[in-house]
Structure formats: C-alpha cells, structure tokens
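The next block holds one structure in the form of structure tokens; read it before the comments.
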Amino acid sequence: MNLTLRVFRLLKAITLFLLCCPFIKAQNIIPDSGFENNKFIPVDFSGIGASKTWSRPSLGTSDLFCECNKKQKKISLVDVPQNPMGYQEAHSGTCYAGIFAYSHGYYREYLQTPLKEPLEKNKTYLFSMYVSLADYSRTYIDQLGVCFLTDKVTYNSSNAIGDLKPVYIDTKTTPGKEEKEWHRITATYKAHGGETYILIGSFLVQKVQKTKFKLPKEIKSQINQHAERDAYYFIDDVSLVETTAIEAMDTNLLLPAMIKDSIPISRAFTLSTILFKTNETALLPASFPELDTLAAFLHRNIHLYLEIAGHTDNSGNEKANIKLSQGRAKTVCDYLVSKGISKARITHLGYGSSKPLVSNKTKEGKKQNRRVEFKLTEPGSDP
C-alpha cells in the first residue's frame, strides 16, 4: 500500500473513532470537577466553604487548596503546591480539595456537591476522581467511597458517616498509598433515579497501614504527630458520566482492536477535546479522556515515539505566544508521563503563531490555529 493511501485510511479511521466513541462525547455532570469555581481564594484550613458548589456535609472540616498570589503566599496554609500537608501540584488548574479520610478516633472529613442534572433510572454511570496521598500522611487506608443521594445531607458530628450506602473504591494498592503522583480511581453505579447529589469520603475502613513516614521536627503540619493514624488525601478532577456497561470500564481498557493501527505515523493530527483556559497552560478536565486514550495506545505500541507541538493564533505579543505554546505542549507531555509513558519517548515544542493552518483574519480561523498537534514516529518511518 502506498504511503498516501495508507495515511488517508488511517486519518479516516481515527476520525470515525473520535466521532463515534460515546465515552469521549460523554458530558461530566459534576458542576465544578476541579474545585476551580470559588468565591475567594482561602488562606487557611477548613476552607471548602469558599467553593461555590462543594460543601462539607458534617462537622469534619474539609479543606480547599489553591495557588496563591505573592501577598497571599506569606500567610496561606493551603497554598499550591507547597503546604503543611506536603507538596502537590494540582492535577489540572490551580486548586484541589483535601480530606482526612482516617484520623484520631472516628474523625472523618467529606465532600458533597450537587449534580448538574438528576440521574436517570437504570442508567449506568462512571464515577472517577484523581487522588494523591499527602506526603506527610502517617497511614493509608484500603478504600474510599462515593454515595449517590436524592438530596443534600447534614450531620451534626465529625464522626464517620454510617447510615449511607456508598459505592466503595479499592485503594489498597498504588492509588491509595503513593504520594508523589495523582492516580485516577473509578467506580460504576446503576442509578435508582432522581439522585441529585454525591458525597465523597471514607466510610467503613477495614485495613489501615502505616506509610513509615516520620515527620521531621522542623516541619509543622496538621498531620497528627503523636497518634500516627492520619491518612490525608488530596482530591481533584471529579467526574460522573452516563455510559453503557462497556464504556464504564477504565478508559485504558477500551483500546484493544478499536484503534489499532488507526493513528497515522509521521503525520500531524489533532484531538478534538484538548482544551485550556484562555491564556493559560493548565489542561481542562474535558481533555483527559482523549489523552488517556492516547496514553493507552502508546502503552500498547511501545516502539512508537510522540512529538507534541503547541500553536497559537497571532493575537498579542509573539514572544508571549511562543511561551504559551511551549507551556501547553509541556503540560500535555507531563500528563502523558503521569500516565506511565516514558519521557524519553516524547518531545515537545512550541511554535507560537508561526505555523498557522488557515488565515488569522476571522475568529474561526484563529480558533483553528490555536491547537496542539501530535505526530507519531517510529524507526525508519517517513518524515
């Protein structure tokens, strides 16, 4: 088969896949998945009340961490990335939440949010969130849970909630005990119909294990330095999407024959939902499903390498455009690396507005030129 025909067929195949895959098109019904929509930036613990949608259902004082400006950094106890719980960049954006999932006595902290729309009876939903055990945690636990509720709940206690029926998510392995990276954990739920809230946290804990971390005396932390029982988790990018039973599987399992040989080699392509906030380098959560799919493809094809190129339109200063395009390409690279793809297999560059696809004279043209392009390469492939 000649190269032109092969590339045409490959481009057609990936286009059909991206258009037809219902998982990628699924809409997240969590109103503020990344904890970014806040009334103000908190500078102290117990600040989840700063969120416009998230709240604490009990007397447990859940936290909100946000990147602060220079003035706020001098007084903030909940800055990003460094704070008294450890060091952690946001998975996306500039904020994330934090809870004590296990602490002194029966103390627990929870997160609660309304949904954009009620769940529909007998439909299956995929719940996912990214978690990271805080650096200074003394312990980690075997499971977290999510409850699907018909209304908002309130408890006049800070003890573990025992009268709800959570869907449990296993955290005994890497997701629950590894503190350096974010880890995506998932659960499926068949709706009874009419659920309008979710509640996240720790309910029944069957096993608590020590991290063997000993807090240096010079570090001041909210982690209990005496009981050595505190398991503190950062949480970011919470998602709930309606899906079929097959789609409810982890994205990394969806690949096999569906897109084998369907991404072109040595020719630039784009993905439809690689999105950023205006003039920022942070990925929006809508970008994750396609990037997860690409990461899984790379895991299956370990002989392939990836080039990432960031591009902007011609608005503003070109020096700033180059910096922005470089930052976005690097952010995409970092995300794929966080999914286990070796840095040695990825290169990333930013070209600013120097390589437009179309004229920048119209809004639509500018939109097309603001893009991240990908190119797969292999030894001996045509340039």
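Which of the aspartates and glutamates could a cross-linker span from LYS375 if the Cα-Cα distance has to be under 13 Å and same-chain partners fewer than 8 positions apart are dropped?
Within the straight-line cut-off, LYS375 pairs with GLU307.
According to the Kirkwood expression over distinct Cα-Cα pairs, how big is the hydrodynamic radius of the range 330-383, in Å? It would help to have the intermediate numbers written out before the result.
On the way: mean 1/r = 0.0744 Å⁻¹.
Computed over Cα pairs of the range 330-383, the Kirkwood hydrodynamic radius comes out at 13.4 Å.
Using 20 Å as the cut-off for backbone N distance, which residues of the range 65-89 belong to the label zone defined by a point 7 Å from the Cα of ASP32 along Cα→Cβ?
65-69, 72-73, 76-81, 89
Could you compute the FRET efficiency for PHE269 and LYS172, with r as their C-beta to C-beta distance and R0 at 56 Å, rounded to 0.05?
With a Förster radius of 56 Å, E is 0.90.
Using a Cα-Cα cut-off of under 30 Å, which lysines could be cross-linked to LYS190, ignoring same-chain neighbours fewer than 8 residues away?
Cross-link targets: LYS25, LYS52, LYS116, LYS121, LYS123, LYS152, LYS165, LYS172, LYS177, LYS207, LYS339.
When all alpha-carbon pairs of the range 85-197 are counted, what percent fall beyond 18 Å?
56
Grab the beta carbon distance between LYS74 and LEU349, set R0 = 45 Å, and tell me the FRET efficiency rounded to 0.05.
The value I calculate is 0.75.
Set the Förster radius R0 to 22 Å, insert the Cβ-Cβ distance between VAL208 and SER46 as r into 1/(1 + (r/R0)^6), and round the FRET efficiency to 0.05.
0.40
Taking a ≥ b ≥ c as the square roots of the Cα gyration tensor eigenvalues, with a/c under 1.5 meaning rounded and otherwise prolate when a/b beats b/c, else oblate, which class fits the range 293-383?
Details: a/c = 2.45, a/b = 1.96, b/c = 1.25.
The shape class here is prolate.
Throughout, read-outs are computed from the coordinates displayed, never taken from laboratory work. The structure presented is a predicted model; accordingly, all values stated were derived computationally and were not measured. With ideal geometry, Cβ positions are generated from the backbone for all residues, glycine too; neighbour counts draw on all protein chains shown.
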